[in-house]
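Nothing in this text is a laboratory measurement; each read-out follows from the coordinates by a stated rule. Keep in mind it's a predicted model, so treat the numbers as computed, not measured. Counting neighbours? That spans all protein chains shown, and the Cβs are built from the backbone with ideal geometry, glycine included.
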Amino acid sequence: MNYHNITPARLLEQWEPNVGFEVRLGRTQLERLAPESRLAVADSAFNQSELIAAGYRHTDVVPLLIDMTSAGEPPDPALLARLGNDKAGGGADLLFVGKISPHKAPHDLVKMLSVYRRLYDPKARLRLVGSPLGERYAPALEAFIKELGLEDAVTITGSVTGAELEAYLAFADVFVCASDHEGFCVPIVEAMGHSVPVVAYGAAAIPETVGDAGIVLSTKEPLVFAAAVARVIGDPELRAHLAANAARRVLNYDLARSEAKFVSLLREAVARAD
């Protein structure tokens, strides 16, 4: 078993009942597979704890077998130019990458942006990079953005290419995350690998993933969240400190190291079974 977590149904079913049903089924199947498992690996200690609670006996933690820490293809030049024009007009760029889904709570980032623009930076922008889950939440989010008068300040990109993602990361002043549940959160590690400071709500595995390479909040209260973002953007020494910590922390997710550990665990599991 290689477990990356299953979002709790309570965070999804009011918006997407069918998805809620599927994740409940997935949790049930996870427990049913436990007696048959010789080895169960998770990409975080948080996820490992769920495997243990589900009855898995032989468990361990192995980071995802993907390169999360280095730049991919060159940034998209047309998007770079457009983002550069926006930056030339002033204002900080706040970035979130992930599914546009209720459990990722981009609506809470919109609330934070509204406060941040009123108190600190009236030209600040929020870019929500990701595709929507289902058909109900994204329209409600767009209506909420319009109600707050932030249509020109918030961009929902939909799916992007690797080159486009590199462009968004190149211009981000801070990566923000208000998710109510994350089993790991790859985009946070990608941001750290690009020296983008992180401010995140400390739900589920977020504190474990961020460590000392960002600011982890115990509340999503918009005033507190906005103040933390303002501190990171406005304090060069803090930004440098977080960047140095991030450079060390991303070494924990080195692909070659993860592959070696994964292979070692598989060999041990096969030997144990024999």
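Sequence-distant contacts, meaning Cα pairs under 8 Å at least 6 residues apart, place the relative contact order of the stretch 77-252 at 23 percent. Which of the aspartates and glutamates could be linked to Lys123 by a straight reach, that is with a Cα gap under 17 Å, when you skip same-chain ones fewer than 8 residues away? Partners within reach: Asp86, Asp93, Glu151, Asp152, Asp173. For the chain, the alpha carbon positions stretch 66, 41, 35 Å along the principal axes, listed from largest to smallest.
By DSSP, the beta bridges lying fully in the chain are antiparallel in about 5 percent of cases. For the stretch 43-134, averaging the sequence separation of C-alpha pairs within contact (under 8 Å, six or more residues apart) and dividing by the residue count gives a relative contact order of 27 percent. For the pair the stretch 150-180 and the stretch 11-89, the centres of their Cα atoms are 19 angstrom apart. Annotation note: trypsin sites (Lys or Arg not before Pro) in the stretch 93-162 located in DSSP loop regions with a Cβ neighbour count of at most 14 within 10 Å are Lys123, Arg136.
Place a +1 charge on the Cβ of each Lys and Arg in the stretch 77-252 and a -1 charge on the Cβ of each Asp and Glu, then give the dipole magnitude about the Cα centre in debye, rounded to the nearest 20.
140 debye
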